[in-house]
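The values are calculated or read from the model by the stated rules, or taken from the named source; none is laboratory data. Predicted model, so just to flag it, every value in this text is computed and none were measured. Cβ: placed from backbone, ideal geometry, glycine included. Neighbour counts: every protein chain shown.
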Amino acid sequence: MGLDDTATEVHLTSRAAQRLILSRYLGMAPEDVVVDRSCDRCGDPQHGRPHVPGAVLDYSVSHTRAWLMVAVVGDGRVGADLDARPADHDLDDLAAAALSPAERRAWRRVPAPDRADALLAYWTRKEATTTLTGHGLTIPLRDLDVTGPRPTLLTSDPSVRLPHPRPYLTHVPAPAGHSAALATTTHVDQIRHLRLPDAVPDPTALPKPGNRIPRTPALLTPR
């Protein structure tokens with residue numbers, strides 16, 4: 001199925017933004033940034049979690065049709081998710097598909113006007129976790145409980161594992177009508193926010209050929 005015009009623009013903007021932002025932290029020109037999207041699980045070169053081979057930093061990207069988020073960490077791994085609030089008439093079906101039994105009971109106790117936002121918060125925390133692990137939607141979201149600060153896996157399927165220790169979950173401020181979350185293997189105690197123009201590197205500050213490329217600066221600073 002082909003992409004419509006908006007989806008194509010988002011896709012191209014995302015790829016360009018990833019190079020611009022990564023170039024800032026890797027100290028190289030955007031066109032020199034190499035991103036590998038090979039799947040850790042099956043080896044497919046197109047649908048894995050993106051990473052820069054040989055770099056200390058890790059990053060994750062998520063977008064809606066109007067917003068794009070790129071999260072970068074200087075240590076460990078990160079999974080990011082950004083989503084828009086679902087339509088009210090979809091809430092019950094989405095809750096049944098995405099929430100564990102305990103989460104669903106807690107969600108039903110939320111006042112009706114706040115349920116869409118509450119469901120979205122659950123959803124983004126789960127998606128961030130499965131993005132970090134590389135499983136994507138091969139893990140049913142209802143098999144993850146994200147009530148606490150770290151996710152709990154409810155399935156006994158031996159092929160599904162969370163990193164040890166379990167990832168940390170962090171809420172990220174998002175535009176109105178959206179929710180965003182991070183899952184990280186290292187505890188994050190500081191988040192720096194940059195808009196894309198601020199993340200574009202100064203060409204005069206890039207290292208000269210042969211100089212060592214700095215690898216450690218990050219949008220998210222782990223403890």
**OP:** Could you look through the range 176-197, keep only residues that are under 26 Å from LEU162 (Cα atoms) and among the small types (Gly, Ala, Ser), and pick out the one that is surrounded by the most Cβ atoms within 10 Å (Cβ to Cβ)?
**Re:** ALA183
Original post:
Identify, please: which residue in the range 156-175 is surrounded by 13 or more Cβ atoms within 10 Å (Cβ to Cβ) and among the hydroxyl-bearing types (Ser, Thr, Tyr) and is, among those, nearest to the chain's Cα centre (by Cα)?
Top reply: THR170
Original post:
Among the candidates THR124, THR129, THR133, which residue alone is closer than 24 Å to SER38 by Cα, out of contact with any Gly (no Cβ under 9 Å at 6 or more places or on another chain) and among the polar types (S, T, N, Q)?
Top reply: THR124
Original post:
When you look at ARG161, is it closer than 27 Å to GLN18 by Cβ, out of contact with any Pro (no Cβ under 9 Å at 6 or more places or on another chain) and not hydroxyl-bearing (Ser, Thr, Tyr), yes or no?
Top reply: no
Subject >> Hits in the range 85-137 (condition: assigned to a loop (DSSP other than H, G, I, E, B) and at positive phi) >> reply: GLY134
Original post:
Could you count how many residues in the range 162-184 are part of a loop (DSSP other than H, G, I, E, B) and closer than 16 Å to LYS126 by Cβ?
Top reply: 5
**OP:** Give just the number: which of (1) buried (at least 23 other Cβ atoms within 10 Å of the Cβ); (2) among the aliphatic types (A, V, I, L, M); (3) in contact with a Lys or Arg (Cβ under 6 Å, 6 or more places away or on another chain) does LEU141 not satisfy?
**Re:** (1)
Subject >> Criterion (out of contact with any Lys or Arg (no Cβ under 7 Å at 6 or more places or on another chain) and either closer than 20 Å to GLY177 by Cβ or in contact (Cβ under 8 Å) with a residue 24 or more places away in the chain (or both)) met by exactly one of SER62, SER38, SER100 >> reply: SER62
Original post:
Quick check, is SER60 in a strand (DSSP E or B) and either modelled with pLDDT of 90 or more or in contact with a strand residue (DSSP E or B) (Cβ under 8 Å, 6 or more places away or on another chain) (or both)?
Top reply: yes
**OP:** Just give me the residues in the range 46-103 being of a type in the set (Ser, Thr, Tyr) and either surrounded by fewer than 19 Cβ atoms within 10 Å (Cβ to Cβ) or within 15 Å of the chain's Cα centre (by Cα) (or both), in sequence order.
**Re:** TYR59, SER60, SER62, THR64
**OP:** Among the residues of the range 1-45, count how many are polar (S, T, N, Q), exposed (fewer than 14 other Cβ atoms within 10 Å of the Cβ) and either assigned to a loop (DSSP other than H, G, I, E, B) or at pLDDT 90 or above (or both).
**Re:** 0
